[in-house]
Amino acid sequence: MWGLASLVYATAMFHRTSLTVAVDLAEQRFQIGPGALSLLAVYQLLAYAILQLPAGLAADRLGPRRTLVVAMVLIGGGQIVFSLANAYPLALLARGILGVGDALTFMGGLRLITAWNASNRVALQVQLMSVIGMAGSLISTIPLSLALTTIGWTPTFLSTGATTICLAVVVLLTVTSDPPAPRSPSVLPGLFRDLRSVWLVPGTRLGMWMVIASAFSFVSFSTLWGYPYLTRAQGLGADSASRLLTVLILTNMITGPLFGLLASRRPELRTRLSGLVITLVCFMWVVLLLWPGRAPSAAVVALVLVLGLCGPATMLGVDVARTSNDATRVATAAAMANLGGYVAALLTILSIGWLLDLGQRNGLPVGAAFALAFGSQFVLFLFAGLQIFHWVRKVRAQT
């Protein structure tokens, strides 16, 4: 069951980040600029964010089997539509459908793991699922770039969408039944009571702000703006930029199990480790954005490495939210934490695209435009950091 959850999540991660190396082709295919391009990613993440709480409730109440089947059908169908789209509005619709399916995937996988494994193993197994998920992102870098170059846009995305729908059939046939779990009444007032109960737990909000602070820069970089930043602001070639995005994903995969072991054995250190990662990311962005001209290769690699720690750090926040709530609401709590992270990420993606457009219209050099756009992240870093400090005190006062 863990292997199946991981395979499904890896598939979703591939589709989520598949736009990253297709940025230039998308601009040419749909005749759009940076602002409109950012909307493709934002629309997908907006659908993902809006559906987080319904996805958590669905996974808790309907079980992972039905949740994951629907997720794979939506993701595969959305990618098929995207492969055939020649008009920008249809491409937007396709990414939105993909985002809806993506929203269901992590919650369904989390619920599957939670239902079939001992509670003291869940944190590690969720991190390991995330590691396998990064393999999906890994395929969306150099292999996907090569496929787009050799066989083209439509065959590449059409084949990946069709394969994903086949995976829905595998889930349907493999997860024959969901293990029994306590269920609260499924009426609408019961849903609102569940949401309110989860929200009022201080650990839920601490986990949410940990996810926000560690997710938004990483997601915006890995989903859309990392490749343009590396090629246009830092002057790297397409192959070098793809390799660095691969390093980003490999860092996630290597450090994820270490973070998971720590969360399982020393849960009291989760907040400190998350704070350390956030501090390192802020420091490296300061170095890169204030460096006159193009930064040294070592500094660029260091930025990519510390951003690679953000995926596992995000899972620490999810784990804080999960362990602060009872077993019947783990997916809802995780969804609430994830919701904050992806709302922050889509706002960051949109603001970077808007500021890049603004810089271009005002004749700023490329490096200065990217520095202006990525510098906007520090507003959210500061606010999220203050919120983490506040809710850490609340949680400690409660215990």
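Here are some notes:
- Screening L93 with (1) farther than 22 Å from F218 by Cα; (2) under 21 Å from the mean Cα position of the chain (by Cα); (3) in contact (Cβ under 8 Å) with a residue 40 or more places away in the chain; (4) open to solvent by 10 Å² or more (accessible area, probe 1.4 Å) gives one miss only, at (3).
- Single residue of M107, M129 found to be more than 27 Å from L39 (Cα to Cα), open to solvent by less than 10 Å² (accessible area, probe 1.4 Å) and not basic (K, R): M129
- Applying the criterion of at least 3 residues that are out of contact with any Pro (no Cβ under 8 Å at 6 or more places or on another chain) and without any contact (Cβ under 8 Å) to a residue 24 or more places away in the chain to the helices (runs of 4 or more DSSP H) found wholly in the range 266-345 leaves 270-290, 297-307.
- Inspection of the range 114-121 identifies no residue that is in a helix (DSSP H, G or I), open to solvent by less than 10 Å² (accessible area, probe 1.4 Å) and not aromatic (F, W, Y).
- Checked against (1) open to solvent by 20 Å² or more (accessible area, probe 1.4 Å); (2) of a type in the set (S, T, N, Q); (3) at pLDDT below 80; (4) assigned to a helix (DSSP H, G or I), S159 meets all criteria but (3).
- In the set V81, V100, V73, only one residue is part of a helix (DSSP H, G or I), more than 20 Å from the chain's Cα centre (by Cα), at pLDDT 80 or above and surrounded by fewer than 24 Cβ atoms within 10 Å (Cβ to Cβ); that residue is V81.
- Members of the range 325-378 that are hydroxyl-bearing (S, T, Y), surrounded by fewer than 24 Cβ atoms within 10 Å (Cβ to Cβ) and at pLDDT 90 or above: S351, S376
- Residue in the range 215-229 that is in contact with a Gly (Cβ under 7 Å, 6 or more places away or on another chain) and open to solvent by 10 Å² or more (accessible area, probe 1.4 Å) present: yes
The values are calculated or read from the model by the stated rules, or taken from the named source; none is laboratory data. Treat the numbers as computed from the prediction; the structure is a model and nothing was measured. Cβ: placed from backbone, ideal geometry, glycine included. Neighbour counts: every protein chain shown. Areas reflect the complete protein model, heavy atoms only, side chains present, ligands, DNA and RNA absent. Shrake-Rupley method; radii C 1.70, N 1.55, O 1.52, S 1.80 Å.
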